[in-house]
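I'd like to ask you about the structure that follows.
The values are calculated or read from the model by the stated rules, or taken from the named source; none is laboratory data. Quick caveat, the model's predicted, so the values are computed rather than measured. Quick reminder, even Gly has a Cβ in these numbers, built from the backbone with ideal geometry, and neighbours come from all protein chains shown. Remember, those area values only see protein heavy atoms, side chains included, never the ligands or the DNA or RNA. Shrake-Rupley method; radii C 1.70, N 1.55, O 1.52, S 1.80 Å.
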Amino acid sequence: MYAAGTQVWLAFGLYLAATFYFAYLAHRKTSKTGFMEDFFVAGRSIGPWVLGLTWIATAASGGTFIGSPALGHTYGWSVMLWICSYMVVATTGFGLFGKRVAELGARTGALTFPDLLRDRFDSRAIGTVSGVAIIILYIAYLVAQYVAGARVIEAVLGVPYHWGVLGFALTVSLYTAYGGFRAVAWTDAFQAIVMLTGVLITVFFAIRKLGGLQAVYDGLESQTPDLLTTPGPTDFLPIPTAISFFCIWALAGPAQPSTITRFLACRDTKALKRACFLIGIYISLLYPCIIGIGIMGRVLVPELAAADHATPATILAVVPPVLAGFVLAAPLAAIMSTISSFLLVTSSAIVRDLYERNLPERLTEKQARNLSYLATFAVAGVALAFALQPPDFLQFIVVFAGTGLAATFFFPTLLGVYWPRMNKAGCLAGIAGGFLSFLLQYVWFGTRSFAGFDPFVWSMIVSLFCVVAASLATPPGAESLRERYFPKSHGQAARPVLRLRAIRRTMGSAPSM
């Protein structure tokens, strides 16, 4: 559609071959260890570089590389303000949850995010409700990623949308099921490097072709001055919305079940600290550049068949053909890495949280393996069915799913791992209050709720109130349970957090049921 050549096909082929090679290596290592722990958290052995890069690759989704530039192409510079708080998401995520969640995972043997909440409150209901919420909202997330991948294939290779989305879903499902979390982490690390390199190359060639940023300013002004100022065309970013999104990006990312899974899989606290530093640098480079690609694309390629074609159209317009194929792998890498992570989280919710944890006995290794494969392909198939009818702006789906997950889980998780007085009633109330208030606001008001704020803001407040009120209105949990999660926290100073390896040596093989 935008004049892709043979080099592009070749680069795509090489990129996919490298991805499947990493999955093959991961599968060989997985087959030599216990399946459940290795498939879902890579044996808790992920080091700082892979941990940081897999976190980045999951966060930088199709919404980042396709949806955000599409908004930049449509609404101009105001989108920079819309995304700005993402610069601190690594600090909030690792600072609020990373060390504490990793410690608890090593102490209790939690394999999934619902595992963590279920065992903290000794509640089968919490594990089940969390699993159901993850399945519903992550399927919505997956739909957006499938759409993004098919848009790239459609725009660059000329493959019809429906064939593109089918091939994309099948490809990612295969390597995710084949290699498990280790394959996801290793391919994510590779994909994150491809992403940043591709973005920086595109920005360099785009600025050079335009003749500088002043040319971008002049080009946007000649089309409409609204592209240069807030709130942007059609009142895109009024002040309440800007405040809402500052809260959304800073708080929604840390509360994602896929993020918690990475904390459960890390090797030790030193790996967490180094990964956080790496992520901060990476994000500060990536996000201003990716929005800039969409904005510069408005001047370079003002007419598009669909707004979501902004990234591939801009790349093909400015990057030399010999490099274009490699650079176009960047959005493909972002989308594939996110899909693989979300498929794994969703399939683990089905196999581990809805099925195995509700059985009287553990699954055998063979049963766990077969069910995990089946669940992965089943989730992929459901998301594929919805993706066959794509929306106008896929980033709106990304925002809906991401904020819905955060409104549901942020405060129940945060207070659950830090507040000894919180109990099962508080957790359930926080989950239900956040999810239902978020859903009802979207049904009644759309994306702008009371006083013009996003439903996420009010849902977070409702969830916090429900957690605190329900916990204080009901008896505390069992003393033995609180002591397990908050040793020596009653009446005296808590001990410093132990190194994760030391915890594992002390606890031995923690029970997985």
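Name the single residue, out of those in segment 446-458 being under 20 Å from the mean Cα position of the chain (by Cα) and part of a helix (DSSP H, G or I), that is nearest to residue 129 (Cα to Cα). Break it down into steps so the answer makes sense when it comes.
Residues of segment 446-458 under 20 Å from the mean Cα position of the chain (by Cα): 454-457.
Checking the rest, the ones that are also part of a helix (DSSP H, G or I) come to 455-457.
Numbers: 455: 21, 456: 20, 457: 22 Å.
Checking each candidate, the answer is 456.
Can we say residue 231 is part of a loop (DSSP other than H, G, I, E, B) and closer than 20 Å to residue 446 by Cβ? Quick ask: steps written out before the conclusion?
Numbers: part of a loop (DSSP other than H, G, I, E, B): yes; closer than 20 Å to residue 446 by Cβ: yes.
When the stated conditions are applied, residue 231 passes them.
In this structure, is residue 369 at pLDDT below 80, open to solvent by 10 Å² or more (accessible area, probe 1.4 Å) and not in a helix (DSSP H, G or I)? Steps first, please.
Values: at pLDDT below 80: yes; open to solvent by 10 Å² or more (accessible area, probe 1.4 Å): yes; not in a helix (DSSP H, G or I): no.
No: the conditions fail for residue 369.
Here are 328, 316, 304, 286: which of them is among the aliphatic types (A, V, I, L, M) and outside any helix (DSSP H, G or I)?
304
Follow-up. Of all residues being open to solvent by less than 10 Å² (accessible area, probe 1.4 Å) and more than 16 Å from the chain's Cα centre (by Cα) in segment 121-146, which is nearest to residue 438 (Cα to Cα)? Just the residue, please.
Only one residue fits best here, namely 130.
May I pose another question? Just one of 351, 382, 417, 319 is surrounded by fewer than 19 Cβ atoms within 10 Å (Cβ to Cβ), β-branched (Val, Ile, Thr) and modelled with pLDDT of 85 or more; which is it?
382
Residue-by-condition table, conditions (1) part of a helix (DSSP H, G or I); (2) in contact (Cβ under 8 Å) with a residue 24 or more places away in the chain; (3) out of contact with any strand residue (DSSP E or B) (no Cβ under 6 Å at 6 or more places or on another chain):
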{"site": "414", "(1), (2), (3)": "yes, yes, yes"}
{"site": "422", "(1), (2), (3)": "no, yes, yes"}
{"site": "425", "(1), (2), (3)": "yes, yes, yes"}
{"site": "432", "(1), (2), (3)": "yes, yes, yes"}
{"site": "444", "(1), (2), (3)": "yes, no, yes"}
{"site": "463", "(1), (2), (3)": "yes, yes, yes"}
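Return the total of residues in segment 454-489 being at pLDDT below 85, open to solvent by 40 Å² or more (accessible area, probe 1.4 Å) and small (Gly, Ala, Ser).
Going through segment 454-489 one residue at a time, the tally reaches 2.
Would you please name the residue that is nearest to the chain's Cα centre (by Cα), looking only at residues in segment 252-278 that are under 22 Å from residue 110 (Cβ atoms) and open to solvent by 30 Å² or more (accessible area, probe 1.4 Å)?
276
Test each condition in (1) over 26 Å from residue 334 (Cα atoms); (2) crowded, with 18+ Cβ neighbours inside 10 Å for residue 238 and report the one that comes out false.
The number of the failed condition is (2).
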